[in-house]
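Colleague: Please see the structure below; I have some questions.
Bear in mind that the values in this text are calculations on the coordinates, not laboratory data. As the structure is a prediction and not an experimental result, all values here were calculated from the model. Quick reminder, even Gly has a Cβ in these numbers, built from the backbone with ideal geometry, and neighbours come from all protein chains shown.
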Ligand SMILES: Nc1ncnc2c1ncn2[C@@H]1O[C@H](COP(=O)(O)OP(=O)(O)O)[C@@H](O)[C@H]1O
Ligand SMILES: [Mg+2]
Ligand SMILES: [Zn+2]
């Protein structure tokens, strides 16, 4: 699973912040995952726990909060806005898997429902984001 | 904070040299040089990776003869599949070679995603095939890959020389390392690169009529004069670096 690589990126980022802020303990990490990544909460939590096993002691008492942000698009051609959840069911397994690996491939497999253009903006729900890191100095 | 940025260097730490094959223009032979350089290096028992970052105009899979598109295996990330001994990442393995219309921000995100999740082996060289122009891809890899070095391709044409010269000047201003400039598709009467790029001029690759029929066939590709010339360049490159 490639979720491990993203979980590793989250913890690497938390380590960097802890160092910059002179934290002796990291208590909470809030992570936002875009729905377009089609990453399951359970799998990502497992990946985070795996990465945390090898993390330094300052992560011993950390809790990780995950939020999934709904994905939405806006057509550059006609201005129509729609949600990923409305069109997800029209994708086959391979298309879903492609978007899971590289969310930008949505531009290959999705079209504007109104004008059929592939020229749309991913306005929200893309990527993975470290929203906040709490700790003690 | 985008956590992917913080993990890019770590993902590339087992790689010796990261070389972007670039040049300001399209159709000058960047993908040809990138693919054949990777082939030649793999053929001389170097550990080599090839990353095709020309998402909208991906070509290396055609040159190397990749016809079946599969998702890469996963193990704590994605593992680059091997093609002719090259660890190879192309977006066509995810798009099944369908047209991939991407704007700037999407290109940046897709590059970041690939760099953050790809688990490269220990490599002597990672060759990156670049899109034409000084655009998002160029700026992103300069921003994200601190050890990036550029190998510039140009052709015996006033138009190309002028465009490529500008990109070389920009790279120099940005203090990006330039391995050298190769003049591709030369013919006996016209040479510009030697004059235009006196300090970084590496040499010429002839126009090779047999190349067209060699495309997609590893053995034939290795016999082209393009491959043979690149073999000599790798000697030059190893001496230089
Ligand atoms: N040395 C060469 N001899 C013959 N044909 C070449 C040579 N270099 C490139 N070509 C041809 O020129 C065209 C552009 O090459 P390509 O590698 O796709 O350029 P780029 O990646 O810069 O757009 C292709 O049709 C390719 O077959
Ligand atoms: Mg090309
Ligand atoms: Zn539309």
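Colleague: Taking chain B as the reference, fit the longest principal axis to its C-alpha atoms, fit the long axis of helix B:30-43 to the helix C-alpha atoms, and give the angle between the two in degrees, 0 to 90, nearest 10.
Modeller: The angle comes out at about 80 degrees.
Colleague: Here's another thing I want to ask about it. Arrange the following residues from fewest to most other Cβ atoms within 10 Å of their Cβ: B:151, A:115, A:64.
Modeller: A:115, A:64, B:151
Colleague: Build a GNM of chain B with springs between Cα atoms under 10 Å: which of B:123, B:36, B:174 gets the top mean-square fluctuation?
Modeller: Highest fluctuation among the options: B:174.
Colleague: On a 0 to 90° scale, report how tilted helix B:158-173 is relative to the longest principal axis of chain B, with both axes built from alpha carbons and the result rounded to the nearest 10.
Modeller: The helix B:158-173 is inclined about 50 degrees to chain B.
Colleague: Still on this structure: Please arrange A:54, B:124 by counting, for each residue, the other beta carbons lying within 10 Å of its beta carbon, fewest first.
Modeller: The most exposed by this proxy come first: A:54, B:124.
Colleague: Averaging sequence separations of C-alpha pairs under 8 Å and six or more residues apart, then dividing by the length of chain A, give the relative contact order as a whole percent.
Modeller: Answer for chain A is 39 percent.
Colleague: For chain B, count all C-alpha to C-alpha pairs, find those more than 35 Å apart, and express that count as a whole percent of the total.
Modeller: Every Cα pair in chain B considered, those over 35 Å come to 8 percent.
Colleague: At 7 Å along Cα-to-Cβ for each site, give me the label-to-label distance between residue A:114 and residue A:77 in nm.
Modeller: 1.2 nm
Colleague: Oh, and also: Of all DSSP beta bridges located in the protein assembly as shown, what percent are antiparallel, nearest 5?
Modeller: Within the protein assembly as shown, antiparallel bridges account for around 35 percent of the total.
Colleague: Quick one: among A:79, A:127, A:34, which has the greatest mean-square fluctuation in a GNM of chain A with alpha-carbon springs under 10 angstrom?
Modeller: A:79
Colleague: Can you tell which of A:39, A:68, A:102 shows the greatest fluctuation in a Gaussian network model of chain A with Cα springs below 10 Å?
Modeller: A:102
Colleague: Oh, and also: Hey, with R₀ at 35 Å, roughly what FRET efficiency would residue A:24 and residue A:53 work out to, going by the Cβ-Cβ distance, to 0.05?
Modeller: 0.95
Colleague: By DSSP, what percent of the beta bridges with both residues in the range B:4-240 are antiparallel, rounded to the nearest 5?
Modeller: 15 percent
Colleague: Using 1/(1 + (r/R0)^6) with R0 = 25 angstrom and r between the beta carbons of residue B:139 and residue B:56, what's the FRET efficiency to the nearest 0.05?
Modeller: Efficiency for this residue pair is about 0.95.
Colleague: So how far, in whole Å, is the C-alpha centre of the range A:42-82 from the one of the range B:74-141?
Modeller: The range A:42-82 and the range B:74-141 have Cα centres spaced 22 Å from each other.
Colleague: Using only C-alpha atoms and all pairs of different ones, pull out the Kirkwood radius for the range A:72-124 in Å with one decimal.
Modeller: Hydrodynamic radius (Kirkwood, Cα pairs) of the range A:72-124 is 11.0 Å.
Colleague: If I model a spin label as a point 7 Å beyond the Cα along the Cα-Cβ vector, how far apart are those points for residue B:71 and residue B:124 in nm?
Modeller: 3.4 nm
Colleague: What number, rounded to the nearest 500 deg cm²/dmol, is the helix-based mean residue ellipticity at 222 nm of chain B, given -39500 (n - 2.57) per DSSP H run of at least four residues and division by all its residues?
Modeller: About -11000 deg cm²/dmol.
Colleague: In degrees, nearest 10, range 0 to 90: what is the angle between the Cα axis of helix B:104-117 and the longest Cα principal axis of chain B?
Modeller: 70 degrees
Colleague: So, R0 is 25 Å and r is the distance between the beta-carbons of residue B:195 and residue B:228; what FRET efficiency does that work out to, to 0.05? Intermediate results must be reported in sequence, preceding the final value.
Modeller: Working: r = 25 Å, r/R0 = 1.01.
Efficiency for this residue pair is about 0.50.
Colleague: Something else now. If I take every Cα pair under 8 Å that is 6 or more residues apart in chain B, average their sequence separation and divide by the length, what percent do I get for the relative contact order? Don't skip to the end; give the middle numbers.
Modeller: Values: 442 pairs, mean separation 66.7, N = 241.
After rounding, I find 28 percent.
Colleague: Right, another one. Could you work out how much longer the chain between residue B:82 and residue B:96 gets when fully extended? Use 0.36 nm per residue separation minus the Cα distance between them, nm to one decimal.
Modeller: Length difference between fully extended and current span is 3.3 nm.
Colleague: Within a 10 angstrom radius of the beta carbon, how do A:63, B:161, B:224 rank from fewest other beta carbons to most?
Modeller: Details: A:63 10, B:161 20, B:224 23.
Listed from fewest to most nearby Cβ atoms, that is A:63, B:161, B:224.
Colleague: With the radius of gyration and the Kirkwood radius both derived from the Cα set of the protein assembly as shown, what is their ratio Rg to Rh?
Modeller: Rg/Rh for the protein assembly as shown comes to 1.00.
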